[in-house]
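What follows is a single structure, written as structure tokens, with notes after it.
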Amino acid sequence: MLDQIKKQIEHIQRQGATYVDTRWYPYEESNSLIMWNGNLKEASFMRQSGVGVRVLYKGAWGFSASSDVNDLAGIYAKAFDNARIAAERVTFPVRLAEKDAIQARFVSPNRINPMTVPLAEKVSFLQQMDEKLNQPGVAQRVAFLNFIRKQIVFIDSEGSEIEKEITEVFAQLSVLGQDAQGEVHERSFNLGQEGKETRGWESIDSQFFSEQADRIVKELNEILVAEPCPKDTRSVILLPGIMMLQTHETIGHALELDRILGYELAYAGGSFVTLQDFGALRYGSEKLTARADATLPNSPGSFGYDDDGIPAQNNLLIDKGILVGAITGRQMVEEANAKARRQIFNGSSGANRATAFYRVPIERMTNINIDPGEDGALEDIIAKTEKGLVMDGTRSWSIGSNREQFHFATEIAWLVEDGQKTRVVKNPTYMGKTLEFYNSLSAVGDRSTWKVEFVANCGKGQPNQIMQLGHGVPVCRFDNVRVGE
Amino acid sequence: MATINTNERILDTLHGLRKYALEKTARRKMAVGLRYHEEDSYLMRFANSAISLNTNEHLIRLEIVAYEDRRRASYELITDLGKLDEMKQGVDTAIELVSHAQPLTYQPTIPVYAETFCDESCFDPALAHISNNERLAYFNQAAAGLETDEIRLSGIFSNGATTLAMVFTTSEHAQLFRFSDAQITAVLSHSGLKWEVIAEASAQRKVDLDAGKIHRDLATMLNHYQHDAPQQLPLGRYDIIFGPAAIAEMVSVMNWIGFDGGMMKRGYSFLSESQVGKKVLSDQVNLADDPAQRETFPFRRDLYGMKRGYFPIFERGIFQGFIWSQDDADEFKARPTGHSVYHTSLALAGGGKDVPHLQEMIAMPRERDLLYIPYLHYMNIVNPSKGVFTASSRFGALLLRQDGSVNIPYNVRLTQSLLDVFGEQVDWLSRQTVAYNTSGSYGSRNPSAVIVPIFMRVNDLEISHSNASY
């Protein structure tokens with residue numbers, strides 16, 4: 001197969017293509033299990049294989065994919081034909097940043113392949129969790145497991161040949177109840193890194209999940225009898241369970257270079273960030289340092305090499321409040337530097353990824369992290385907060401098309417009054433303007449508050465793509481925030 | 001272009017697999033379902049006035065569902081009709097899996113097709129097979145003369161063919177549906193100022209394509225955005241005219257957290273069983289699931305073989321009842337309503353106001369300032385029990401002044417209840433309707449559209465955030 005792919009790449013190059021790459025997926029498997037109120041509503045397995053081909057011709061991309069690899073020549077011919085027609089409407093011919101030709105292999109860390117675990121064992125775990133969640137106050141209970149395992153072989157016309165084996169494990173527990181007014185409330189737990197070095201089936205630790213089940217049931221019952229969230233302006237202390245989403249939506253997506261350059265304007269949106277802002281824009285207070293770290297051990301945002309064949313990197317995005325970097329691939333850094341008429345980016349940051357063999361790689365988040373700070377543990381931050389809310393869990397999120405403003409609802413919040421965490425409030429929300437919000441960052445928790453959360457389903461692009469990634473974030477406090485609307 | 005498999009080849013393969021499944025399950029009280037999905041998808045994407053991506057995928061998916069007593073498990077593969085052994089292995093795997101699944105607390109219904117049903121009435125080969133050159137020509141015409149160095153074209157021309165076929169071991173009959181579809185989005189944006197205007201279209205047949213209308217709508221909006229004064233709107237309450245994209249988005253959300261019986265039973269609904277037969281929304285709101293609407297890419301049978309016809313949901317604002325998929329009906333002991341489908345065919349009827357086009361809407365005399373919001377970006381549910389959503393305006397909002405002038409408002413945020421937006425605050429709906437394409441391209445191709453009035457005016461809605469610039 002590899003020889004056939006290489007021959008096809010050479011053939012298309014001889015026809016005038018300036019670059020060709022191929023992602024061959026010998027296999028991709030997934031397994032999804034949902035137990036809802038004791039019913040195994042979903043027990044599905046999926047397997048796919050195929051080839052995706054990307055061709056660059058006269059500065060324009062063509063792409064074609066098929067699960068039928070018996071007609072490899074047809075797939076390459078179609079990709080080339082797609083590039084030829086695209087070359088009829090070019091305004092900035094695509095150039096690719098320099099890179100080294102790499103022969104490498106990457107295996108994501110896992111000890112027990114979840115695909116080899118018998119279905120009965122997985123169902124047994126879900127039953128155990130279902131029983132734990134089946135408590136007074138809980139009207140709906142859901143336990144969810146999702147496993148992905150895939151092999152990707154990347155070959156390009158510049159001599160790279162990279163093989164990756166990726167294993168992902170995602171898990172969620174969720175409970176829902178109705179308060180005396182008939183309003184529904186939810187509390188959930190999503191599996192993150194949890195300080196572990198691997199994420200195979202060994203991540204599914206019954207004891208740990210049982211503790212989380214007890215916690216979310218207890219917190220749901222507190223929400224059900226809580227008073228409504230106040231509607232005013234105050235400090236918000238975001239726990240990692242919501243700080244990860246805040247980071248994702250208003251730092252991660254805002255700093256994708258394809259968005260900044262206008263490549264997502266017809267769908268996902270743009271960014272308030274301009275090329276002139278790099279090195280100059282005060283994105284947040286001096287307490288804010290953010291990075292794209294694809295070298296973080298054991299996270300879905302660490303994948304060894306991106307789908308341009310660029311090795312994983314750890315790059316600053318925001319350094320003590322100042323914007324310094326972006327999430328980039330080979331194409332966009334060249335265009336950005338040319339349009340800015342200065343060298344903003346020194347090559348790709350290795351963040352070009354595709355969700356499947358039949359989708360084209362685009363700029364995707366790796367692990368978009370916030371560095372821990374020096375403001376102590378959560379209790380220390382609360383003690384220094386006069387009037388605030390401690391918030392956790394993602395209930396809803398809506399962000400302006402240039403990521404300039406946002407509205408989030410969280411699952412739970414606790415009032416903070418005169419340095420004390422007092423009681424739970426229900427239907428908590430907060431909203432803000434991105435730059436104003438990050439410049440109000442007044443406390444960043446230390447390493448003890450820092451947690452790597454996983455994201456299983458980040459959506460972007462046309463055709464649409466789902467991507468997996470991570471966020472390592474500490475507890476953060478922001479001041480003068482509108483809440484309760 | 002990839003060769004789309006013929007009905008005969010698809011059904012022969014499925015019947016062969018059915019025979020194999022019957023042999024494999026002969027000694028067990030089991031049933032096996034085979035669901036085939038074939039897509040031939042093309043997408044030309046534009047950005048910065050260039051073709052940023054030109055792609056196609058030809059994919060065949062086979063989902064095999066095995067039932068044994070109250071147990072159910074499924075196995076899906078992306079495959080090829082030539083790989084019969086692989087598909088048979090898939091049948092073996094599904095049969096193996098189901099024995100390890102946990103029994104449901106209810107008896108799931110297994111489809112028994114009483115007759116073979118093939119529906120290709122929504123398939124137009126001319127649209128499915130449109131060429132790269134035609135896609136490019138359409139966009140060139142849609143944007144002709146409108147682009148400058150600063151004003152750039154973005155968008156997509158997505159089209160394709162989708163074939164769904166299904167057979168179960170419970171019956172020798174099969175179902176097959178074939179659709180052609182196109183979704184067009186054209187955006188003009190200012191590279192420096194960061195404003196955007198949009199025109200969109202949905203097509204089920206090639207003759208539905210009209211690049212001239214896209215051009216007219218873009219030109220109208222562009223003229224305002226180039227010549228009218230921008231402003232930050234003060235926070236407060238506004239009378240709002242929503243465009244078709246915004247209306248379709250809100251109707252789709254109602255499908256999710258409103259009248260779906262399973263969601264209601266699980267607590268994710270702002271409607272309750274006690275509201276059936278009662279007035280819930282404005283008497284101008286008439287909403288139905290109407291598979292007769294060709295533009296919605298309708299399923300005229302559901303996946304269980306149930307005939308689908310006109311199903312009223314709201315009539316003069318009175319709630320007529322919940323829709324029920326077979327599985328939810330089985331679980332909650334309700335009567336299925338033929339809604340085990342990949343998508344519904346929702347149609348919000350037009351009202352009494354004659355407003356056929358954007359240009360007429362802008363020119364209408366008005367007794368006070370009106371805010372036009374064509375599109376709601378990133379809608380999400382804040383409180384499902386109260387139907388509260390939040391979203392921002394995008395793609396060409398206008399402030400239509402009482403004196404006939406027009407200003408350009410920076411984007412704003414609405415956090416509102418659907419009960420208010422479709423409630424007594426509705427002023428009017430346009431008589432004219434349009435099919436708004438709601439297709440996504442996550443997962444397998446599933447063309448869908450909602451029929452909505454082109455415009456709907458709702459009074460006294462609150463703006464909770466207002467941008468200070470584009």
Crossing angle, helix A:119-133 versus chain A [Cα axis fit, 0-90 degrees, rounded to tens]: 30
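For B:269, B:393, what's the fewest-to-most ordering of other Cβ within 10 Å of each Cβ?
On the way: B:269 24, B:393 28.
Listing B:269, B:393 from fewest to most nearby Cβ atoms yields B:269, B:393.
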Backbone HN-Hα couplings from phi across segment B:367-372 [Karplus 6.51/-1.76/1.60, Hz, Gly and Pro as x]: 8, 7, 5, 10, 9, 9
I need the phi-derived Karplus couplings for segment A:442-451: 6.51 cos²θ - 1.76 cosθ + 1.60, θ = phi - 60°, integer Hz, Gly and Pro marked x. 10, 8, 10, x, 7, 4, 5, 9, 7, 9
Scattering profile of segment A:228-483 from the Debye formula, Cα beads only, expressed as log10 I(q)/I(0) at q = 0.07, 0.13, 0.17 Å⁻¹, is -0.23, -0.77, -1.27
Principal-axis tilt of helix A:2-14 within chain A, Cα atoms, nearest 10 degrees: 60
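Quote the relative contact order of chain A in percent (integer), defining contacts as alpha-carbon pairs under 8 Å separated by 6+ residues. Could you put the intermediate results ahead of the total?
Numbers: 1267 pairs, mean separation 77.3, N = 485.
Once normalised by length, the contact order is 16 percent.
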Once the in-chain neighbours fewer than 8 apart are removed, the aspartates and glutamates whose Cα is under 15 Å from residue A:7 read A:21, A:71, A:156, A:158, A:161
In bins 5 Å wide, starting from 0, what share of all Cα pairs of segment A:2-225 does each bin hold, as a percent? 1, 6, 12, 12, 12, 10, 9, 8, 8, 8, 7, 5, 2, 0, 0
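Percent of alpha carbon pairs in segment B:7-227 separated by more than 23 Å? Don't skip to the answer; put the middle values down first.
Values: 14203 of 24310 pairs.
When every Cα pair of segment B:7-227 is considered, 58 percent fall beyond 23 Å.
How many percent of all Cα-Cα pairs in the protein assembly as shown sit more than 38 Å apart? Don't skip to the answer; put the middle values down first.
Numbers: 203840 of 455535 pairs.
So the portion of pairs separated by more than 38 Å is 45 percent.
Could you compute the net charge surrounding residue A:60? Neighbours are other residues with a C-beta less than 11 Å from the C-beta of residue A:60; K and R count +1, D and E count -1.
On the way: positive: A:58, A:84, A:89; negative: A:88.
Its environment carries a net charge of +2.
Based only on Cα atoms, what mean projected area does the convex hull of segment A:203-319 have, in nm²?
Numbers: hull surface 47.1 nm².
Reported value for the Cα convex hull: 11.8 nm².
What does the helix-only formula give at 222 nm for chain B: each DSSP H stretch with n ≥ 4 adding -39500 (n - 2.57), the total divided by the residues, and the result rounded to the nearest 500 deg cm²/dmol? Before the final figure, lay out each step's value.
Numbers: 10 runs with 101 residues, N = 470.
Using -39500 (n - 2.57) per qualifying helix, the result is -6500 deg cm²/dmol.
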hull vol. (C-alpha, convex hull) per residue for chain A, Å³ -> 138
Counting other Cβ atoms within 10 Å, keep those with at most 14, restrict to DSSP loop, and tell me which trypsin sites (Lys or Arg not before Pro) in segment A:203-297 are left. A:231
What net charge do the residues around residue B:394 carry, taking every other residue with its C-beta under 12 Å from that of residue B:394, with Lys and Arg at +1 and Asp and Glu at -1? -1
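Would you mind ranking B:378, A:283 so that the residue whose beta carbon has the fewest other beta carbons within 10 Å leads the list? Numbers along the way, then the final one.
Working: B:378 20, A:283 24.
Lowest to highest Cβ neighbour count: B:378, A:283.
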Helix A:330-340 vs. chain A, principal-axis angle (Cα, 0 to 90°, nearest 10): 80
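Based only on the alpha carbon positions, what is the Kirkwood hydrodynamic radius of segment B:292-384, in angstrom? Working shown, then result.
Working: mean 1/r = 0.0589 Å⁻¹.
This gives a value of 17.0 Å.
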Give me the net charge for the shell around residue B:124: Cβ to Cβ below 11 angstrom, other residues only, Lys and Arg +1, Asp and Glu -1. +1
For segment A:90-158, just run the numbers: alpha carbon Rg, then divide by 2.2 N^0.38 Å, N being how many residues it has. 2.04
Using only the Cα atoms of segment B:230-466, what do you get for the radius of gyration and for Dmax, in Å? 18.0, 58
Would you mind calculating the relative contact order of segment B:7-227 from Cα pairs under 8 angstrom and at least 6 residues apart, reporting the percent as a whole number? 23
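For the cross-link pairs A:231/A:421; B:206/B:353; A:58/B:206; A:41/A:426; A:122/A:218; B:24/B:88, which exceed 21 Å when the distance is taken from alpha carbon to alpha carbon? It would help to have the intermediate numbers written out before the result.
Numbers: A:231/A:421 18 Å; B:206/B:353 30 Å; A:58/B:206 31 Å; A:41/A:426 29 Å; A:122/A:218 25 Å; B:24/B:88 10 Å.
Correct reply: B:206/B:353; A:58/B:206; A:41/A:426; A:122/A:218.
Which value at 222 nm does chain A reach when only helices count, each DSSP H run of 4 or more adding -39,500 (n - 2.57), with the total divided by all residues and rounded to the nearest 500 deg cm²/dmol?
Details: 9 runs with 97 residues, N = 485.
Calculated at 222 nm, the ellipticity per residue is -6000 deg cm²/dmol.
Under the classification rounded if a/c is under 1.5, otherwise prolate if a/b is larger than b/c and oblate if not, where does segment B:142-189 fall, given a ≥ b ≥ c as square roots of the Cα gyration tensor eigenvalues? Provide the component values of the computation, followed by the final result.
On the way: a/c = 9.70, a/b = 5.49, b/c = 1.77.
Prolate, because a/c is 1.5 or more and a/b exceeds b/c.
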For a quick check: with amide H placed at 1.01 Å from N, whose amide H comes under 5 Å from residue B:382's, ignoring anything fewer than 5 positions away on the same chain? B:388, B:389, B:390
Unit Cα scatterers, Debye sum, chain B: log10 I(q)/I(0) for q = 0.10 Å⁻¹: -0.81
Once you average over the residues of B:368-380, how many Cβ atoms of partner chains fall within 10 Å of each Cβ? 2
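Bear in mind that the values in this text are calculations on the coordinates, not laboratory data. The structure presented is a predicted model; accordingly, all values stated were derived computationally and were not measured. Counting neighbours? That spans all protein chains shown, and the Cβs are built from the backbone with ideal geometry, glycine included.
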